[in-house]
Amino acid sequence: MAEVNEIHSDGTKTSTNCHYYHVLPDSSYKARQSSVRYGYAPHDSIVPYRIEKTKPRPIDHHFFDEFFKELPEPSSDGELYEPTKILKELHALNLKKLRYAQVYTRTTENVKVTAIPFFVKFNYFYYWQYHMCVQNVGTDDLRLTWWNKVVTDQKNGQYVEGGSGLDNESPVLTPADPSFEHEGHCALPTPSGKIHGTYSLQSTKGPSRLNTTSSMIKVLIPTTMLESQYSTELENAPDSSSPDKDT
């Protein structure tokens, strides 16, 4: 169960609780992702899924055969697959990393950005991963052209990065194919911090309906709090490593 902190397009704020699930995205969805190994889906987005008999497996993903084993016959609960030893061991080793308590969303001019942060470890620096989803909830086709992220540590030290597109891609978000997901990571010298920034998207049809003077839309990334289980700074760990670059 995660607490979803949402800022709506009219500026109002809401906070609700929602189940999010770790999912394996089908290969048909791979083109809408960048550097994403797993997907994340809220409970309200889960719909019944019918397996196509012509497919060798229900989901076309390179981890599927490693994570799931087909049962010789359906279980009493109707299950067709069971988790493999690899999946069980992976889950046990990464349970703390996979857990998250906060989800942040913000909508700007019919573009919704969702951010899910994870604390990973301390090793001289405090490491986080984060999952971002940019979703077009409007009717215009939008091309993602630029991004800018500001990571601030607990002592107000700032680390700024930006670039064109995402991982050399400039995805077009359409009403029929509205989302693009990517992952990043950062290392801070303090046990907490935050991320904020912007995405720039351009309407492929000229000025947007909400901004009639320009085809460029600046979309705000929700202020995403980076929290760890540590309340004070720790001493350096004996097996140090250099901090990872924020992406």
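Observations on the model:
- Wholly within the stretch 174-247, strands (runs of 3 or more DSSP E) carrying at least 2 residues that are of a type in the set (S, T, N, Q) and either surrounded by fewer than 15 Cβ atoms within 10 Å (Cβ to Cβ) or modelled with pLDDT of 85 or more (or both): 192-203, 216-227
- So VAL172, is it among the aliphatic types (A, V, I, L, M) and more than 25 Å from TYR21 (Cα to Cα): yes
- Condition met for LEU173 (under 17 Å from PHE118 (Cβ atoms), touching a strand residue (DSSP E or B) at 6+ places or on another chain (Cβ under 9 Å) and among the hydrophobic types (A, V, I, L, M, F, W, C)): no
The values are calculated or read from the model by the stated rules, or taken from the named source; none is laboratory data. For clarity, every value in this text was computed on a predicted model and none was experimentally measured. Using ideal geometry, Cβ is built from the backbone for each residue, glycine included, and neighbour counts are taken over all protein chains shown.
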